[in-house]
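The values are calculated or read from the model by the stated rules, or taken from the named source; none is laboratory data. No experiment lies behind these values; they were computed from the predicted model shown. Using ideal geometry, Cβ is built from the backbone for each residue, glycine included, and neighbour counts are taken over all protein chains shown.
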Amino acid sequence: MTTAPEVVLNVGDSLVDRARANDPDAEKVTYNLVNAPSGMSVDADGDSLTYSLNNAPSTVTIDAETGLLSWTPTTVVDNLEFEIKATDDRAASTVQKINLTVNPAPLLPPLNLDTVPQTAVKIGSAYTYQLPSGFNYHLTAAPEGMTVSESGLVSWNPTQSEIGLHDVVIEVTDNNGDRVTTFDYYSDGNVKNIEDDLGNKGSYTYYPNGNINSETVTVITTEGEQTVETTWTYDTEGRIESLTDSDNQIEYRYDSNGNLIKVIEGSDETEYRYNQTGQLVETIYPDDTPDNSDDNPRAITVYDRGGRERANISSNGRVTQFEYDAVDRLTATIYPDDSSNQVEQLIAAIAPDQTPETIDWTTVIYPDSTPAYLVGRPRTSTEYYQNGWVKAEIDEIGDRVDYKYDPLGREIEVRYDENNYLTYSYNSLGSSRTESLYAEGTITENVYDSLGNLVAVTNPNNHTTEYEYTPEGLLKAIVDARDGRTEYDYYDSGNLKSIKDALSQVTTYEYNDSQGRQTDIILPDGKRSTRVYNDVENSLMVTDFNGESIEYVYDEFGELEEKEFLADGTSVTYDYDAETRTETIESDRGTTVYKYDEFGQLLSRTDPIGPFISGSGASIEYGYENGILVELKTPNRTVTYDYYSDGTLKSVTDSQGTTTYHYSDEGALYKTVFPNSVAEVVEYDDLGRVDLVKMVRMDADTGEELEAIASYDYEVDAAGNRREVVDHNGRKVEYEYDELNRLTREKIVEPNAEERIITYVYDAVGNLDYKTDSVEGDTDYDYNNLNQLISSTADSVTTIYTYDDNGNLKSRTRGDRSVEYDWENDGENRLVGVTVIEDGETTEIEYEYNERGIRVGEVVDGVASRYLIDELRPYAQVLEEYDGSGSLETAYQKNWV
C-alpha cells in the first residue's frame, strides 16, 4: 500500500487520501485509475480491489471500490494504529498499517475568510469587518484611523484625506502568542502575500476575472530557502489550459462541449472519449509507444439507455458489471471470474456484430437485461425498502446483513444472524445514541453523545467505564467500573498538559518548542525527560530521565543518518538506497548489510559476526514467490513455506520434517501436525474463543487420532475472562475477577482433591497490593509514587527493590540473595548485565545488542552464546543459538501463523 504510513492531522482538518495497493497476490504495482469515471482500482492481474478498514476510528470512511479515505477528526488522537486492507477478486489481500496522530486545532484562522471583505467605502460611511474570533490581531499596515478590536472587529471611518487605494496587512497571533502568520490582501479581497514567523512565505497573482495566475512559495529548510513557482493559464471559457511549475508543464485540451479530452505531460498523453450524452466512456493511458494508441492500457465504462453504469472494463481486461432496480438504485455488483476472454464475452453478449478490434465503445448501449452468461458469477447485492432505505446487503458467499430503522430514518438494528446483531437507541432529543452488540448471548453497550464522543462502555459482565469530555471535545476523564478516576488537563492550545491517575499522581507535559511540539515529560517525583526538534518534526536530541542524551542527525530526505550516544561517545550510522531502504548500519560491532529485490523485499542480511551462509556470505536469506515468503536460509538449514490459495500458511518444512496447518471455514487454526506425528487440536466457542486444546498422537499414514497426550478444557465468562481450566489428569483451576477484569481468586483442585486458594487485592491504579496463598502464606506489596514496587514481604522476610531514574530495576535483595541489574544508560535503556549473589556464589551475565536494540548474545560466567535473529517478523525472533566459536547449539522452527 502506498498511503502515508504516518498521518498527522489537526482537529478539524479534512483527511482525503487515496490508498494505492500492491497486487496482493503478486507484489506488482497496482494501477489506481484516478481519472477513470468510477475511480476504480485494479491490480496488475486485472483484479478489482476492495478496500476496508481495521481498528480505525468509527468516523473514518473508505470507499470500498476507489480506496478514497476520508475523515474530519473532532478530537485529539495520540498515535493510534489502524489498518487499510486491500482484497482482490481472488481473496488475496495486503494490509498497510497507518500510525495516526491528531493534534489540537491550529490557532490561526483559515486563509479563506468566511466572507469576502468589503473593498470600497464612501466618505462619511463606517467600514466594519468581523475576523474569526479566538485570536489576537494587529494591524501592521492600514489607512489612518483604522482599528482592530480584541474580538477581531475591523473598524474605520474614512475622511476626505483617505480617498484612494489602501493596503491592509493584518498580523494574526494565537492565544499563546507563539505563532504568527501575516496575511496581505489585494483590494478585491484575494490573498496577496502570506508569511509566517519561520520565514515561510507565499505570493499570489490573479487574472482580472479572479482566476489564480501564479503562486510563489518559499520554504525554509535545513538546506536554506527553497522556492517553487507555479503558473496557470486559461482558455476563453475560463478552463485551465496549462499548469507549469519548476519540474514540468501539464496541458489540458477540451472539446466543443467543454469535456476534457486530453492531458499532456511531456511525451505522455492521457486521452478521454465520451458518448453522445457527454458521459466519459473511455480513458486511454500513456505507454511506451506514444505514436500508437491501439495498444495503450485503457479503462472503459459502458452505460445503458438510462445513463447508468452497467459495466466497467479494467486496463487488464477484467469486467465488473452492475444491476439496478426500477428507480435506479444499485442492486447487484457482479464480479469477474478467472477467464481470460472477459471482454470478448461481454462484446458477444451486448454487441455481437463487433470484435475487440472494431468496436467503438462510445456508441455501445448496454441492454436492459443482464446477459445470461453472468448467471452464477460471484456478486454482492443490495435490497431496499420502498422509501429507499437499505434493507439488506448480501456478500459474494451469501452472508446477509439486514437493517432496520426508526421513523426518522435512524438505524435501530443491524442483524448478521439470529444470535449476532447490533441495536441502536436514541434519547428523546436525539442528542445521544446507545449501541448494543449482541454476540452469541453476550451484550456490549456503547453510548455516544451528540458529538459522536464515546461516553460509556458496558461490557458483557455489565461493568461500565465512563468517559468525560471538555467543551472542545477533548477527553477530560475516564472513570472505571470501580469509580477509579483518571483525569486529563490541557493547555489553551489543546495540547495535553497533565494526566492525574486514580491515586492523584500527576505526570506533566510541556511544549516549549516554537511549533507546539512536546518537549518535556515530568514525572510525579519531578524527574524530567526532554526532546529537541528540527523544523521537520524530527527529534535532534533526546535526554532521558537519567540525564543521558542521544543526538540524531538526518539527511536531506529526513532519513536518520547518525545516532550518537553522548554518554560514551559511540555512534551508529545509517546508509540508504535510492528507495530510502536501509542498506547498511555501522556501529562499534561492525557493519550490517541489507539487500533487496526489485519489489523492495528483503533478500538478505549480513551481520558483523558469523557464522555465515556458505557461498553468499550472508547471515540470513529470504526467498519469495508472488510477494509471499517461501524460503528462509540460515548457515545451518533451509526452511520452506507453503500456502493455501487464500494465502494462509499450509506447511513449514525444515531438516526435521514438515509441520502442517489446518483451518476451519471461518479461518481459525484448529489443527497443527508436527513432524513427529503429534498434533495440537484446538476447538473454539461461537465467539471464536478457545474452548479446548489437546495434544494427540496421530497415525502418520491415515491422519487418524490414536491417543490423547494432554488436554486443557476452558470455560470463560461473558467478557471472555477464563473462568476454569481442567486438564487431562483432572486437575482443575477456577478463576474469579473484579469489575476491572483483574484476577482476584484462584482455586486449584488437584486430582487427589487437595485444594489451594490464592486471592489478590489491588490498589486504585491496578498495582497488586496483597496476596493470600493457602499453601505459601501471605505477601504484602508496597509502591512508591511512580507505581514502582519497592518492597514485598512474605513470611516476615522482605524483598527490597531499587530503580534508576528511568524506572529500570537496579537491584532485588532478599536475605542473603541479591540480584543487581546493570542498565546501559545511553538513552536506550538496554540491560547489559545481571549480577546474582547467593550463598556467597556470584554469577555474572552480560548481554549484547544489535543496532536496532535487539538482543543478539549473552555471556554467562565467561561462556558466550550468540543468537541469529529474524527481523522480518512483527517481533524479532531467535532462529538459532551458537556458542562462542560459531557452532550451532539450538535451532527453533518459527511459523508465520
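The table that follows gives values for the structure above.
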item: Any hit, the stretch 838-855, residues being aliphatic (A, V, I, L, M), in contact with a strand residue (DSSP E or B) (Cβ under 6 Å, 6 or more places away or on another chain) and part of a loop (DSSP other than H, G, I, E, B); result: yes
item: Residue check, residue 137 touching a Gly at 6+ places or on another chain (Cβ under 7 Å) and at pLDDT 80 or above; result: yes
item: Among (1) of a type outside the set (A, V, I, L, M, F, W, C); (2) surrounded by fewer than 17 Cβ atoms within 10 Å (Cβ to Cβ); (3) farther than 30 Å from residue 689 by Cβ; (4) touching a strand residue (DSSP E or B) at 6+ places or on another chain (Cβ under 8 Å) - the single one residue 490 does not satisfy; result: (2)
item: Which numbered condition residue 661 misses (of (1) without any contact (Cβ under 8 Å) to a residue 24 or more places away in the chain; (2) part of a strand (DSSP E or B); (3) under 30 Å from the mean Cα position of the chain (by Cα); (4) farther than 26 Å from residue 888 by Cα); result: (1)
item: Condition check for residue 456: among the small types (Gly, Ala, Ser), closer than 25 Å to residue 484 by Cβ and either touching a strand residue (DSSP E or B) at 6+ places or on another chain (Cβ under 7 Å) or at pLDDT below 90 (or both); result: yes
item: Considering residues of the stretch 673-689 that are of a type in the set (Asp, Glu) and either assigned by TED's automatic domain parsing to the domain that holds residue 440 or not in a strand (DSSP E or B) (or both) only, the residue surrounded by the fewest Cβ atoms within 10 Å (Cβ to Cβ); result: 686
item: Qualifying positions in the stretch 690-748 - small (Gly, Ala, Ser) and exposed (fewer than 14 other Cβ atoms within 10 Å of the Cβ); result: 700, 703, 708, 710, 730
item: Pairs where the first residue, in the stretch 409-422, is more than 15 Å from residue 440 (Cα to Cα) and the second is β-branched (Val, Ile, Thr) and assigned to a strand (DSSP E or B), C-beta under 8 Å, 6+ apart; result: 412/423; 413/423
item: Residues of the stretch 605-622 that turn out to be without any contact (Cβ under 8 Å) to a residue 40 or more places away in the chain and in contact with a Leu (Cβ under 9 Å, 6 or more places away or on another chain), as a count; result: 2
item: Selected residue (only one of 610, 617 is at pLDDT 95 or above, more than 27 Å from the chain's Cα centre (by Cα), part of a loop (DSSP other than H, G, I, E, B) and within 24 Å of residue 888 (Cβ to Cβ)); result: 617
item: Checking residue 366 against (1) at pLDDT below 95; (2) surrounded by 15 or more Cβ atoms within 10 Å (Cβ to Cβ), the condition it does not meet; result: (1)
item: Qualifying residue in the stretch 154-177 (condition: at pLDDT below 85, closer than 22 Å to residue 225 by Cα, polar (S, T, N, Q) and in the same structural domain as residue 225 (by TED's automatic domain parsing)); result: no
item: So residue 311, is it modelled with pLDDT of 95 or more, surrounded by 17 or more Cβ atoms within 10 Å (Cβ to Cβ) and not polar (S, T, N, Q); result: yes
item: All positions within the stretch 307-344 that are touching a Lys or Arg at 6+ places or on another chain (Cβ under 7 Å) and of a type in the set (Ser, Thr, Tyr); result: 315, 324, 333, 335
item: Tally of residues being without any contact (Cβ under 8 Å) to a residue 40 or more places away in the chain, closer than 30 Å to residue 810 by Cβ and either in contact with a Gly (Cβ under 6 Å, 6 or more places away or on another chain) or not in a strand (DSSP E or B) (or both) across the stretch 522-565; result: 1
item: Which listed residue, of 632, 649, is within 30 Å of residue 707 (Cα to Cα) and of a type in the set (A, V, I, L, M); result: 649
item: Residue 592, sole failed condition from (1) of a type outside the set (Asp, Glu); (2) more than 27 Å from the chain's Cα centre (by Cα); (3) outside any strand (DSSP E or B); result: (3)
item: Residue in the stretch 279-302 that is within 28 Å of residue 380 (Cβ to Cβ) and of a type in the set (Gly, Ala, Ser) present; result: yes
item: Hits in the stretch 675-721 - residues which are farther than 26 Å from residue 654 by Cα, modelled with pLDDT under 95, of a type in the set (A, V, I, L, M, F, W, C) and in contact with an Asp or Glu (Cβ under 7 Å, 6 or more places away or on another chain); result: 687
item: Residue within the stretch 169-182 that is surrounded by 13 or more Cβ atoms within 10 Å (Cβ to Cβ), farther than 27 Å from residue 512 by Cα and not hydrophobic (A, V, I, L, M, F, W, C) present; result: no
item: Residue satisfying condition, being of a type in the set (D, E, K, R), closer than 21 Å to residue 278 by Cβ and in the same structural domain as residue 281 (by TED's automatic domain parsing), within set 360, 328, 304; result: 304
item: Any hit, the stretch 602-624, residues being loosely packed, with under 15 Cβ neighbours inside 10 Å and within 27 Å of residue 552 (Cβ to Cβ); result: no
item: Test: residue in the stretch 745-763 that is touching a residue at least 40 places away in the same chain (Cβ under 8 Å) and under 36 Å from the mean Cα position of the chain (by Cα); result: yes
item: Residue among 796, 792, 774, 811 that is among the hydroxyl-bearing types (Ser, Thr, Tyr) and buried (at least 16 other Cβ atoms within 10 Å of the Cβ); result: 792
item: Residue 143 at pLDDT 80 or above, surrounded by 13 or more Cβ atoms within 10 Å (Cβ to Cβ) and outside any strand (DSSP E or B); result: yes
item: Residues (assigned to a loop (DSSP other than H, G, I, E, B) and closer than 22 Å to residue 333 by Cβ) located in the stretch 396-425; result: 396, 397, 398, 399
item: Residue check, residue 217 hydrophobic (A, V, I, L, M, F, W, C), in a strand (DSSP E or B), at pLDDT 80 or above and surrounded by 15 or more Cβ atoms within 10 Å (Cβ to Cβ); result: yes
